[in-house]
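To keep things clear, I will list the structure first and then write my remarks on it.
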């Protein structure tokens, strides 16, 4: 998390010089630069992986790791943005799967472009409904998006019955972008991901909308008193989240060369975990997307590591849970009222 | 009973605490004798709150020793502090809203009969323990908190701004009960920004400034001068000249159109038929006892609530606000009393001040960081905000936080400002800066509506005052006549020639207290004329 230049220079200029003020201890560092310990943790995990299976860390490994981290990071962007306002979006799994399945079933008859437009529009509408429910009717985001995920899954099941004999067709372009790797280590999905990441990271800091997301998460009453129409921010947020989920769904269907109505369901909780590990507070008002990206990478490397160590699925899930809880507890210690 | 009372009941020496780079306490000491009411004084940011938190187990000190009855006092939680003999009544009521009063008492294992006894002593004999806390007014909650603390019979009772949200009659009962602790085995540490209360009940005062204990003063008639001098350090000097400008700006040409007019405004049963005009370049004071409809008036004007009848006019045209954004677009900006309502506590000073810039849908795009920075820096300079802890507003002192809530509107250019008790719970130095700022804004053509719970502020900052009682405007008083006795009479809706009720007279008019107040005013801000004289005649 970085803060505007003006404020930070003002902050350091007048620091009192008493001996006890040298307390820029590790907590302070982590609070001001949460990326440093995160990247250090990532590096440690990579080193451990190399020890566990010598020779595994190479260009090819880098390419496949990035390739599977990118859809997760995009889903985690949905969670990061929602969590900054104190919300969450549990419908990303169903919505992303819907995008993948709609494209898979519609592209043979409608052509890939029309299919993609329809899928993205459907996801945006799901997000719109989420946003209206949360922003206008004040339904808690957890409940609203959980309900939405059930509704979408149900609708898709009905649709699936109608489409059952048609089968799915994965658009070549999605397969190329979702699973291709260029120059031996650069996944093609970077073409999609880099602009998204840059827009979110910069946008959170340097746009009025980004500031409002933080403001609403910190204190919705203050935001309202300052003139913000909070419902508008929520509607825009969850629509954006739906569109990002659609993009992640497309990449995953290309990556796995398949499309089902529950394709992305497995990624919902990891997407929340990536945002939490990346330092975004689930209580709102604190966090950022750069940390989330590193969080997604950490989760991907941990998964690889557990696979390499041939851990059973149960152990993997236990370790995942433990990591998330420990990291969340550590953040609370660091950023709480110390 | 041959127990020899210890020399000191509570003895804290060389206590220090820093938060990261910000030093909250440098070296504080506090010595409380048994049976005394001891005032803890200090401007906001002096370290008072931190010392209180240390004594009540909220915060661990970095250094220093604390003895209670000559035993080391270590408190890692409020419960541990309580076992050590120190019980505090916090600024915010520590009661669970969804439980009734009795359940709240049980929850904290407070003796119920004793609490009921103290409730009666404190002026709430009719309070039912079956009432849900959520349904009780703030003043009652504070009294319950205090009664509960008294019932535990702690060695040291710590009252932090206990009287801040209380109406006059309850304040008087509280002071009377606190005064009764004198000469007993137990002591009270009393924190208040109202010098008149200090003079009324306290034996000695410890003064903090910039995290250090700078003096311990015996409270006698006239010692307030010394306390204020200790608290202020060198800030005191530059104010009288600016406040003297007040009277000069009172004459206004007859043909000026009002910036804001209220016409027959009503809100439910709380506000009835309120009409007034607010002109550009004036500060209009609003005076009312707690809960007379002033909250609803400000909610309507700031767009948070819709009136049930009547009209708001801005620059002569009817205006209807469905959202604070509508009021802001019409040039009406609102500074709430509760800073927790106005600020983004985890965000920087800069983001807090710039918040209104990006709230409109059209301003969601990229921010012009340079122009934002210039506006913010100018506002920080205008308000003299201490930016040492600028990265998170929650680390600022209360006074600086309040300045940020005002700076937010000053930065964007300002036409009409609605201030609801902007100086509540902040120190004298910052208060004076805010008065001066209001005068400067008015001089530049801003219209200011100022509700204040401190009657003295009317003559320091306003051009005239309206008085609200039970939802109606009962008086309009020009600044020259708006001394405290006049305002207080009007606030109770007493006719000028009526005799004031005895308890009221006792609270505000005791010759000693009035004298003390005048002395404070002399020292701090120059004359609050005629206070001592008119007080003496009662």
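The values are calculated or read from the model by the stated rules, or taken from the named source; none is laboratory data. Given the structure is predicted, the values throughout are model-derived calculations rather than measurements. Every residue, glycine among them, receives a Cβ derived from its backbone with ideal geometry; neighbour counts consider all protein chains shown.
At pLDDT below 90 and surrounded by fewer than 23 Cβ atoms within 10 Å (Cβ to Cβ): is that true of residue B:185 in this structure?
The answer is yes for residue B:185.
Taking into account only those residues within segment B:441-459 that are within 18 Å of residue B:480 (Cβ to Cβ) and assigned to a helix (DSSP H, G or I), which is modelled with the lowest pLDDT?
Here the answer is B:456.
So, in segment B:144-162, how many residues would count as being crowded, with 24+ Cβ neighbours inside 10 Å and modelled with pLDDT under 90?
Of the residues in that region, 1 qualify.
Pick out the one residue from A:237, A:204 that is part of a helix (DSSP H, G or I), in contact (Cβ under 8 Å) with a residue 40 or more places away in the chain and within 16 Å of residue A:75 (Cβ to Cβ).
Just one listed residue meets the conditions, A:237.
Considering each residue of segment B:409-440, count those that are part of a loop (DSSP other than H, G, I, E, B) and closer than 29 Å to residue B:231 by Cβ, and give that number.
Of the residues in that region, 7 qualify.
Only one of (1) outside any helix (DSSP H, G or I); (2) at pLDDT 90 or above; (3) farther than 22 Å from residue B:188 by Cα fails for residue B:97. Which number is that?
If we test residue B:97 against (1) outside any helix (DSSP H, G or I); (2) at pLDDT 90 or above; (3) farther than 22 Å from residue B:188 by Cα, just (2) comes out false.
With the requirement that a residue be facing chain A (nearest Cβ under 7 Å) and touching a residue at least 60 places away in the same chain (Cβ under 8 Å), what does segment B:331-374 give you?
Correct list: B:334, B:336, B:342, B:343.
Taking residue B:347 and the conditions (1) in a helix (DSSP H, G or I); (2) over 23 Å from the mean Cα position of the chain (by Cα); (3) crowded, with 24+ Cβ neighbours inside 10 Å, which numbered condition does it fall short on, given that it satisfies the others?
The single condition residue B:347 does not satisfy is (1).
For residues that are under 29 Å from residue B:17 (Cα atoms) and in contact with a strand residue (DSSP E or B) (Cβ under 8 Å, 6 or more places away or on another chain), tally how many sit in segment B:170-196.
Within segment B:170-196, residues that are under 29 Å from residue B:17 (Cα atoms) and in contact with a strand residue (DSSP E or B) (Cβ under 8 Å, 6 or more places away or on another chain) number 7.
I need a count of the residues in segment A:289-316 that are farther than 10 Å from residue A:277 by Cα and surrounded by 13 or more Cβ atoms within 10 Å (Cβ to Cβ).
Qualifying residue count for the region: 14.
Take the residues of segment A:207-234 that are in contact with a strand residue (DSSP E or B) (Cβ under 9 Å, 6 or more places away or on another chain) and assigned to a helix (DSSP H, G or I): which is nearest to the other protein chains (Cβ to nearest Cβ)?
Of everything passing the filter in segment A:207-234, A:208 is nearest to the other protein chains (Cβ to nearest Cβ).
Might you check whether a residue that is on the phi < 0 side of the Ramachandran plot and either outside the structural domain of residue B:273 (by TED's automatic domain parsing) or at pLDDT below 85 (or both) occurs anywhere in segment B:429-440?
Yes: one or more hits.
Only one residue in B:82, B:63 is surrounded by fewer than 21 Cβ atoms within 10 Å (Cβ to Cβ), within 14 Å of chain A (Cβ to nearest Cβ), in contact with a helix residue (DSSP H, G or I) (Cβ under 9 Å, 6 or more places away or on another chain) and within 30 Å of residue B:394 (Cβ to Cβ). Which one?
B:63
Restricting to segment B:359-371, give me the number of residues that are at pLDDT below 90 and either in contact with a helix residue (DSSP H, G or I) (Cβ under 6 Å, 6 or more places away or on another chain) or farther than 19 Å from residue B:413 by Cα (or both).
So the answer is 2.
Take segment A:32-55 and flag every residue that is within 14 Å of another protein chain (Cβ to nearest Cβ) and either more than 21 Å from the chain's Cα centre (by Cα) or at pLDDT 85 or above (or both).
A:32
If you go through segment B:405-417, how many residues are at pLDDT 90 or above and within 11 Å of chain A (Cβ to nearest Cβ)?
The qualifying residues number 3.
Scan (1) outside any loop (DSSP other than H, G, I, E, B); (2) in contact with a strand residue (DSSP E or B) (Cβ under 6 Å, 6 or more places away or on another chain); (3) more than 24 Å from residue B:491 (Cα to Cα) for the single condition residue B:285 breaks and write down its number.
Going through (1) outside any loop (DSSP other than H, G, I, E, B); (2) in contact with a strand residue (DSSP E or B) (Cβ under 6 Å, 6 or more places away or on another chain); (3) more than 24 Å from residue B:491 (Cα to Cα) one by one, residue B:285 breaks only (3).
Please determine, by comparing only the residues of segment B:293-326 that are within 12 Å of chain A (Cβ to nearest Cβ) and either in contact (Cβ under 8 Å) with a residue 40 or more places away in the chain or touching a helix residue (DSSP H, G or I) at 6+ places or on another chain (Cβ under 7 Å) (or both), which one is farthest from residue A:205 (Cα to Cα).
B:298
Just one of A:199, A:191 is more than 10 Å from chain B (Cβ to nearest Cβ), within 30 Å of residue B:368 (Cβ to Cβ) and in a helix (DSSP H, G or I); which is it?
None of the others qualify; the one that does is A:199.
Considering each of B:72, B:125 in turn, give the residue that is touching a helix residue (DSSP H, G or I) at 6+ places or on another chain (Cβ under 9 Å), without any contact (Cβ under 8 Å) to a residue 24 or more places away in the chain and exposed (fewer than 13 other Cβ atoms within 10 Å of the Cβ).
After ruling out the rest, the residue left standing is B:125.
Within segment B:375-404, restricting attention to residues that are in a helix (DSSP H, G or I) and at the interface with chain A (Cβ under 9 Å from one of its Cβ atoms), which residue is surrounded by the most Cβ atoms within 10 Å (Cβ to Cβ)?
Here the residue is B:376.
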